[in-house]
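In what follows, a single structure is set out as structure tokens and then discussed.
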Amino acid sequence: MFPLVSTTLFLPLLGALIILALRRSSASVVHGIGILTSALTLAGAVWMWLRGVEPGVFSQLEQIDWMPAIGASYRVGVDGISLPLVLLTALLFLLTFIFSANVRERPHAYGVLMLLLESAAIGTFTALDALLFYVFFEVSLVSMYFLIAGWGHEDRQRAALMFFLYTLLGSLPLLLAILGLYLGSDPHSFDMRAWIADPPLSGTAALLALLAMLFTFAVKTPVFPVHTWLPAAHVQAPAAGSVILAGVMLKFGTYGLIRFALQMTPEAFRQAGVAVLVFGVISALYGAFVALAQSDLKRLIAYTSVNHMGYIVVGVAIAALATDAEVRAVALDGSVLQMISHGLVTGALFFLVGMLQARAHTRDMARFGGLLKFVPVLGWCFVLAAFASLGLPGLAHFPAEFQIFLATLRIEPVALVVVLGIAVTAGLYLRAIAQVFLGEPRDEWLAMPDLNLREVLTLAPLLVLIVVLGVAPAWVLEVIHLTTTTLK
């Protein structure tokens, strides 16, 4: 069978090598290669989607011996949890390349780093060997560090260093947990499928491994109180970097929480489930309330990411605590769907803020007012994405959050205090819309141009999918459900 997963995984790396070989080419050629490569990668992800997955097993498997003496192999494949994330990743990278087509500062390095990051991201979601997963997980950190440091805003060096140190040091406990799982397996192997089918650790060893994994994935998600790297990284990153960081890389944390913590140490997670639930609730409420206090539009959206990722953590914790398979499936369905909807909604919002900042050279909401009169297309696009972010029925977040809250009601009703975050989020976005786009128009923005064709092409797929996923989520949920209904 044609190695579709590997082809999709390494296509971006091939594009990066072509750009390196054509280092004397123009910026337009570089961007053309980036767009073409990411478009082919998206086509590969769509083909993977059409091939589909089987209930309860990993599908589209590909394996080559890597280090057979220690049981490490190149193993890749997908299931109902990872496949939607691969498709989301491929889509967002294509849109960031379209959005970045006007980058003229070191375009070759920019294109190479973005394509390397795309391969690392797809590899993280498709790896079925724990050592391979860790390699892809770490490579993504290096790529994003250089993107923030090289193309970010005024305080980019400090933000990039903070991002790198937090996430690098945060990932070291995961390596220790992987080594513990490896030593506990018999025969010794890094095969994640074997660890999921028969968890190799129990008792105190499993609990220690779980704590190590929880720390790593809490930093990556991020969860309060190890979230402090996120606002600085988002504010200083270029708009395309913020889209990938929020839309793709934060999902490494919640994906790892399900794939490693929940599936490989299920009993230990059940014991720690209430504590994880508490941190998820705190993150959701903290993110909403702190976002309410922001005047910087980009920082506001960054803190709402903490809020929405907190909902996902709540859903995964409920799945760990649930003894009823139906409740577990509902909680995980909602959590995985929220990962997808968050990527679409927050990606659109960060693109829009980037477009606004490119025109006004500020993100301070107090500086604006009445922009809907001057840039109506940009304004209405922002309104749609903001309404989606606050959980309006008929838009992407609603079906995801509703399932999480429904499962919460059946296991830990007290955790429904997290719903307060929706009310706060609604207030902060309505305030942002009123300050920036409504009210008395200011003459200083009279000449501000509306969205151009490149920007419309960037936003349109996200906004369409936000509506489609809100109105008809079944086409995604059916794929997710094939896996979530079979988890032990």
Which distance in Å, rounded to a whole number, links the C-alpha centroids of the range 394-413 and the range 248-289? 16 Å
Apply the Karplus parameterisation 6.51 cos²θ - 1.76 cosθ + 1.60, with θ equal to phi minus 60°, to every residue of the range 368-373 and state each ³J(HN,Hα) to the nearest whole Hz, in sequence, with x for glycine and proline. 9, x, x, 5, 4, 6
What angle, in degrees between 0 and 90 and rounded to the nearest 10, separates the Cα long axis of helix 27-51 from the longest principal axis of the Cα atoms of the chain? 50 degrees
Note: the range 162-308, point scatterers on Cα, Debye, no solvent; log10 I/I(0) at q = 0.12, 0.14 Å⁻¹ equals -0.52, -0.68
Which peptide among 349-355, 312-318 comes first, and what is the full order, when sorted by highest mean count of other Cβ atoms within 10 Å? 312-318, 349-355
Could you give the Stokes-Einstein D for the range 209-252 in µm² per second, using the C-alpha Kirkwood radius, 20 °C, 1.002 mPa s? 196 µm²/s
Percent relative contact order for the range 15-174, counting Cα pairs under 8 Å at least six residues apart, stands at 24 percent
Take the alpha carbon atoms of the range 120-234, find their radius of gyration, then divide it by 2.2 N^0.38 Å using N residues; give the quotient. 1.18
Restricting to Cα pairs below 8 Å that are 6+ residues apart, what does the relative contact order work out to for the chain? Please round to a whole percent. 16 percent
Label-point gap, in nm, between residue 176 and residue 282 - each point 7 angstrom along Cα→Cβ: 2.1 nm
What fraction, in whole percent, of alpha-carbon pairs in the chain exceed 28 Å separation? 49 percent
Please express the shape of the range 271-483 as an equivalent ellipsoid: the semi-axes are the square roots of 5 times the eigenvalues of the C-alpha gyration tensor, given largest first in whole angstrom. 34, 19, 11
What base-10 log of the normalised intensity I(q)/I(0) is obtained for the range 101-149 from the Debye formula, alpha carbons as equal point scatterers, at q = 0.14, 0.32 Å⁻¹? -0.37, -1.12
Multiply the residue gap between residue 456 and residue 25 by 0.36 nm, knock off their C-alpha separation, and tell me the result in nm, one decimal place. 152.4 nm
Report ³J(HN,Hα) in whole Hz for each residue of the range 66-71, in order, from the Karplus equation J = 6.51 cos²θ - 1.76 cosθ + 1.60 where θ = phi - 60°; Gly and Pro get x. 10, 10, x, 5, 10, x
Candidate aspartates and glutamates for bridging to residue 251, where Cα separation is under 19 Å - those fewer than 8 sequence places away on the same chain excluded: 79, 118, 129, 138, 333, 401
Taking 20 °C and 1.002 mPa s as the conditions, I'd like the Stokes-Einstein D for the range 74-117 in µm²/s, using the Kirkwood hydrodynamic radius from alpha carbon pairs. 176 µm²/s
Once Rh for the range 1-264 is found with the Kirkwood sum over Cα pairs, what is the Stokes-Einstein diffusion coefficient at 37 °C and 0.692 mPa s, in µm²/s? 175 µm²/s
Sequence-distant aspartates and glutamates (8 or more away, or on other chains) whose Cα lies within less than 16 Å of residue 373: 440, 443, 444, 450
So for each of 329-337, 74-82, 128-136 I average, over its residues, the number of other beta carbons within 10 Å; can you give me the resulting order with the highest mean first? 329-337, 74-82, 128-136
How large is the helix-only mean residue ellipticity at 222 nm for the chain, computed as the sum of -39500 (n - 2.57) over DSSP H runs with n ≥ 4, divided by its residue count, in deg cm²/dmol to the nearest 500? -24000 deg cm²/dmol
Using Cα pairs closer than 8 Å and at least 6 residues apart in sequence, work out the relative contact order for the range 271-483, in percent. 29 percent
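Each reported figure results from applying straightforward, stated rules to the coordinates on display, with no laboratory input. Since the structure is predicted, the reported quantities are computational estimates derived from the model, not experimental observations. When we count neighbours, we look across all protein chains shown, and the Cβ atoms used for this are built from the backbone with ideal geometry, even at glycine.
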